[in-house]
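**Q** Can you keep this structure in mind? I'll have questions shortly.
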Amino acid sequence: MRVINVSEAKTHLSQLLVAVATGEEVVIARAGKPLAKLVPYQEVVEPRTPGYWRGRVRMPRISMTCQRPSRPLSGERPCDLAVGYACAAVVAGR
């Protein structure tokens, strides 16, 4: 851990940041008394809480209705999976 004064820290800030990024800790002092400490930034990762939004957000219910038309759609082969079905999403309550 390196101790430097404020004026030196102002002059060499970019070099100090490089040193801190490599894991070194730097103490900035004024008149020989520690004032601040430069340490590498560590992002705090909190575990996700399942069900956090339960009761706070309302999602509409969606149901799918599919109907087979009387004739195949033009340009499509009957063996295609999507051929012949017209589906619509219906939002409940609207």
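**Q** When you scan the range 1-52, how many residues do you find that are surrounded by 10 or more Cβ atoms within 10 Å (Cβ to Cβ) and assigned to a strand (DSSP E or B)?
**A** Number of matching residues: 14.
**Q** Still on this structure, please answer the following. Scan the range 14-23 for residues that are within 15 Å of Tyr41 (Cβ to Cβ) and more than 29 Å from the chain's Cα centre (by Cα) and report the count.
**A** Narrowing the range 14-23 to residues within 15 Å of Tyr41 (Cβ to Cβ): 16-23.
Restricting the remaining residues to those that are more than 29 Å from the chain's Cα centre (by Cα) gives 16.
Selection size over the range 14-23: 1.
Bear in mind that the values in this text are calculations on the coordinates, not laboratory data. As the structure is a prediction and not an experimental result, all values here were calculated from the model. Cβ: placed from backbone, ideal geometry, glycine included. Neighbour counts: every protein chain shown.
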